[in-house]
Amino acid sequence: MNPVLSVRDLHVSFASEAGTVRAVRGVNFDLMPGRTLGIVGESGSGKSVTSLSVMGLLDENARVEGSIRLKGTELLGLSELELSKYRGNEMAMVFQDPLSALTPVFSIGDQLAEALDLHQDLNRKQVKERSIELLDLVGIPNPAERLRAYPHQFSGGMRQRVMIAIAIANDPDVIIADEPTTALDVTIQAQVLDVLKKAQRETGAAVVMITHDLGVVAGVADDVLVMYAGRPVEQAPVDELFARPAMPYTMGLLGAVPRPDRGENRRLVPIQGNPPSLVDLPVGCPFADRCPLVEDRCRTAEPDLLPVAGRPETLAACVRADELAEQGVTFEDAYEVAEAAESTLESVPRSEREVVLEVEGLKRHFPLTKGGFLRRRVGTVKAVDGVTFDVRAGETVALVGESGSGKTTTLLEIMKLEAPQGGRVAVLGKNLEELSTRERAGLRRDLQIVFQDPMSSLDPRMPVYDVLAEPLKVHGWSRPKVNARIDELMKLVGLNPDHVDRFPSQFSGGQRQRIAIARALAVNPRLIVLDEPVSALDVSIQAGVINLLEDLQAQLGVAFLFVAHDLSVIRHISSRVAVMYLGQVVESGDTEAVFTAPRHPYTQALLSAVPLPDPQLERGRKRVVLEGDLPSPVEEIPGCRFASRCPVRATLPADDQRRCDTVLPVLTGGDDQLAACHFPLTRTSAGLTDVRETTRA
Amino acid sequence: MADSELTVTAAAVLTAEDEQSTGLRRTGRFTLIARRFARRPSAVVGLVLLVLLVVFAFVGPRIAQWGYDEPDFLALAQAPSAEHWFGTTTGGSDVFALVARGLGRSLAIGILSSVAITVIAAIIGTTIAFFEGWVERVGMWVLDMLLVIPSFLLIAMIVRSSSGANGWIWLTFGITVFGWIGYARVLRTLTLSLRELDYVHAARYMGVRSFTIIRRHLIPNLGSVLIIQTVLGVVAAVNSETALSFLGLGIKAPDTSLGTILQAGQSVILTAPWVLIAPSVALVLLTFSVQLIGDGLRDAIDPNSRSGGRA
Ligand SMILES: Nc1ncnc2c1ncn2[C@@H]1O[C@H](COP(=O)(O)OP(=O)(O)O)[C@@H](O)[C@H]1O
Ligand code: SF4
Ligand code: SF4
Ligand SMILES: [Mg+2]
């Protein structure tokens, strides 16, 4: 069989202020018809540039060399006009952000019609029929009506479906999907990945799936190409790659991801250091500075991607690959697994620990207004509507939920330290409603926050010293004490204290997040609120920050309220978890209990939607794929908020369904696990099995 | 006038920061800006021109053979000569001395009021934006009211009631007092996005006092916008000054400024054109050079405005 797409020795470089950025340096691959090639790598490793050069969509300041053949036709060097004959016809692309890829001023129907008209000779009626057929195929309800809708009227997941419909409109031979689900929530990601697979089956197209998420690759790819610093460093069939990674970087990448399906508290293993600058790359292997198995000869010349002895299907770019394969070196041999710090509070049972934060029935509604001058109230957004949980000294409580479920609003309500609209919040036993100005200022010391984006949470114009001194000065520390404390803090978070005069821009993302953590720790708080602290970081860096948080908690006994959407991170780091849906906590309790035997159908669906970084498990797994999107938080829902999507409700007799629709369930259950559901799953029926066989509690 | 340009720049400054941080080989921010600035010939020309003009304003009065306020009654309305390099006015004043002195005055008024305008606008604009709620509503209402005040007239009245010697100080004052309002509105808009940045939230949650946050986090991060605004503001202020003085509402004899000389020149445009030419050239060169510098700075600070802007 001949490959549909064949890339040879692709080099792409960009001119920039700092010099020439060599973004892609020698990529080779063949894509066979109907197969899926996954390209993985950390941000900046050249994945997107590779895909954009295939599509001919690079900026003008890019220099592309090598060869890209689509069914034997050389694409490099073709004019824009000639390329557009292939683009959208024989090859199509799905982007990460569908909103910017769709034109806001044209309806979905117009955009589909445009794609069809460009490459096919159809009359109006045929175009319309085909458009409806396509929207139906990607699972958009009422396709005929939806043709007239505009992109902004669709949710992120729906827009991504439309993008897929447009991509397959002309029956392409190659579909390139660049992080197609990164901006989506897990349950929506599961839907979109299903749609993509279906689209591939219908068209028989070959797919290039670009992602940083090893779980997604494990689920969809046949072959995997791992990129590092602009080069492929390993290529193998998916099972082979996950089971027996051949070179140290791949081993490290796989070892650094937390597993959503395993409870055992294995220490994560970060890869030390940061990827090299693409402007002045070191001589030799680009991974050498971070590689635990580095030898002198690694630094003499860059290793080529070559077959590995004894592994017929694996290619690796590592001078020691043969030797490692022969000795059967695994991740555990290559990387040193450090010991976790000893916890000071381990021996104190939870019930005897002090309650540092208590949230009960918290409400936060926003008025929804319309009109310019005389604003009139047209509804209420119930962003938070009954959130209950507590945090005790020295533990990590995770708040998990899809975007729009009200996590951030909950955190901000707590951080404001003002009387809530409804419900009760108490920090260290002090009710916020009865707080004097003085007490509030005092609590500001005990409660600190770390934000998601390490780029925007540090003032770019302040050297690290001033960043760390800020909270200390607020609380009146003297200068010599401040100096000593900053030195101590830098060491605590694993940074060199000599670097305090540097500016945030001189640090990498992971290091900046460490600075933000140091700032939060500065005045010895009792509780730190972390809003998605690791989701902006690459896995190899993320592992280091997670380890740091665990150690800090063990040493200092500080409690964390940890917000995240990544369930694997949550299972790894938290001891208790509260699952939110549409402004309410629907299930809470001990993390292990909730993960192994979820009682709320939403929790179960959420857990089953998480892709596992293990291709064999992924294939054998049955998913509860939820229908539809999160309802709008403006909607008045008298009964269970999950009723519109609940797979359990669908199997109930009419009487019980009415109960779901009219009576709001409250959190009930034992001490370790509470769920807000009238028909909770039982221990035997839950687990990650198929819900359709096992409902009926 | 400058509103839309400034908005664009600020957005770009924010992104520029991001780009730098992921940057590969790190180059200092100022070196980078200086390098980009130097790469634009027009900006360099502007800078050289401005330096020459400033030197002229300082050195001119010292090397002139006549003082600006000592008329040569033996040479009335004379064309340029060895004695009077730029000629004389109908009253016998040396045009070279007048232009040097007048340029100095105009520059002083322009720079002082532009800096003062920036400082006031920055403090008030950021404060209004930072406090949200009723402070913002009342503040915006006051700004709207101030905008409709007939500033030209009021400045004229202020200057009129002052004595000749310190008239220029009052003129500076007048231009400043009525000049900051528009800029304050622009800076408020820019602060709206800054105040939502996490480091501003973080400072609030740490318990840092509001005015400290404004001084420490908001104003410095508007820095590049403020620099550009100050530079371009000099042109606007010099133009206001010359216009007022030209109409006889600004600087008055015995003091002089470019506008005052222009006014003297326009009545003798046919008989003694040199009286008009010298100050006109000085004024055009001044505004031209500052504009070039401003454009160059904007492009240097904002890597995305390669188009050269719309100014
Ligand atoms: N100031 C506001 N005005 C109106 N709606 C808001 C406001 N802030 C948040 N919301 C809405 O509240 C809901 C929950 O938002 P958020 O707490 O940010 O969710 P999450 O953190 O889980 O992503 C969303 O529907 C959001 O649009
Ligand atoms: S070539 Fe050397 S440094 Fe590079 S990955 Fe292999 S062992 Fe490590
Ligand atoms: S109460 Fe009914 S609709 Fe809600 S989660 Fe339980 S079974 Fe589903
Ligand atoms: Mg959020």
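Read the figures in this text as sums done on the coordinates, not as results from a lab. Worth saying up front: this structure is predicted, and the values here are computed from it rather than measured. Cβ: placed from backbone, ideal geometry, glycine included. Neighbour counts: every protein chain shown.
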* Structure fact -> Violations at 32 Å Cα threshold for listed pairs A:Lys198/A:Lys382; A:Lys125/A:Lys382; A:Lys85/A:Lys125 -> A:Lys198/A:Lys382; A:Lys125/A:Lys382
* May I ask you to list the GluC sites (Glu not before Pro) in the range A:18-81 that are in a DSSP loop and have at most 13 other Cβ atoms within 10 Å of their Cβ? => A:Glu60
* **lysines whose Cα lies under 16 Å from that of A:Lys622, excluding same-chain neighbours fewer than 8 positions away** => A:Lys197
* **10 Å Cβ neighbours from other chains, averaged over peptide B:191-199** => 4
* Tell me the chymotrypsin sites (Phe, Trp or Tyr not before Pro) within the range A:366-455 that lie in a loop according to DSSP and have at most 12 other beta-carbon atoms within 10 Å. => A:Phe373
* Structure fact -> If amide H atoms are modeled at 1.01 Å from N in the peptide plane, then the residues at a separation of 5 or more from A:Asp385, or on another chain, having amide H under 5 Å from its own are A:Arg364, A:Gln584
* Looking at the range A:350-581, send over the antiparallel percent of its DSSP beta bridges, to the nearest 5. => 55
* Asked: How do B:Met140, A:Met247, A:Met158 rank when sorted from fewest to most other Cβ atoms within 10 Å of their own Cβ?
  -> B:Met140, A:Met158, A:Met247
* Over chain A, what is the percentage of antiparallel beta bridges among all DSSP beta bridges, to the nearest 5? -> 60
* **Overall Cα dimensions of chain A - principal axes, largest extent first, Å** => 74, 68, 57
* To do: Taking amide H positions as placed in the peptide plane 1.01 Å from N, state which residues far from A:Gly38 in sequence (5 or more) or on other chains have amide H under 5 Å from it.
  => A:Met209, A:Asp222, A:Asp223, A:Val224, A:Leu225
* **A:Leu81 paired with A:Lys363, simple spin-label distance in nm, labels 7 Å along Cα-to-beta-carbon** => 6.6
* To do: Using the number of other C-beta atoms within 10 angstrom as an exposure proxy, rank A:Cys660, A:Cys318 with the fewest first.
  => A:Cys660, A:Cys318
* Asked: How large is the dipole of the protein assembly as shown about the Cα centre if only Lys and Arg carry +1 and Asp and Glu carry -1, each at its Cβ, rounded to the nearest 20 debye?
  -> 2520
* To do: In whole angstrom, note down how far apart the Cα centers of the range B:156-224 and the range A:393-411 are.
  => 39
* Structure fact -> Applied in sequence order to the range A:228-238, the curve 6.51 cos²θ - 1.76 cosθ + 1.60 (Karplus, θ = phi - 60°) yields integer Hz couplings, x standing for Gly and Pro, of 8, 6, x, 10, x, 10, 7, 9, 6, x, 4
* Near A:Lys47, which lysines are there with a Cα under 17 Å away, not counting those fewer than 8 places off in the same chain? -> none
* **Proximal lysines to A:Lys491, defined as alpha-carbon separation beneath 19 angstrom and excluding residues fewer than eight positions away on the same chain** => A:Lys481
* Structure fact -> Log entry: pair-distance distribution for chain B, C-alpha pairs binned every 20 Å from zero, whole % per bin is 29, 50, 19, 2
* **Distance cut-off 12 Å, percentage of C-alpha pairs in the range A:308-367 lying past it** => 81
* Residue farthest toward the positive end of the dipole of the range A:22-100, with Cβ of Lys/Arg at +1 and Asp/Glu at -1: which of A:Gly46, A:Ser67, A:Gly34? -> A:Gly34
* For the range A:37-42, 3J(HN,Hα) per residue [Karplus equation, 6.51 cos²θ - 1.76 cosθ + 1.60, θ = phi - 60°, Hz, x = Gly/Pro] -> 9, x, 10, 10, x, 6
* For A:Leu561, B:Leu283, what's the fewest-to-most ordering of other Cβ within 10 Å of each Cβ? -> B:Leu283, A:Leu561
* Asked: In sequence order, what are the phi-derived ³J(HN,Hα) couplings for the range B:146-157 according to the Karplus relation 6.51 cos²θ - 1.76 cosθ + 1.60 with θ = phi - 60°, rounded to whole Hz, with x for glycine and proline?
  -> 4, 4, 8, 5, x, 5, 3, 5, 5, 4, 4, 5
* Structure fact -> Between B:Leu52 and A:Ala18, Cβ-based FRET efficiency (R0 41 Å, step 0.05) works out to 0.75
* Asked: Gap in Å between the Cα centre of the range A:434-489 and the Cα centre of the range A:281-359?
  -> 35
* Structure fact -> Checking the range B:155-230 for trypsin sites (Lys or Arg not before Pro) in a loop per DSSP with at most 12 other beta-carbon atoms within 10 Å yields B:Arg209
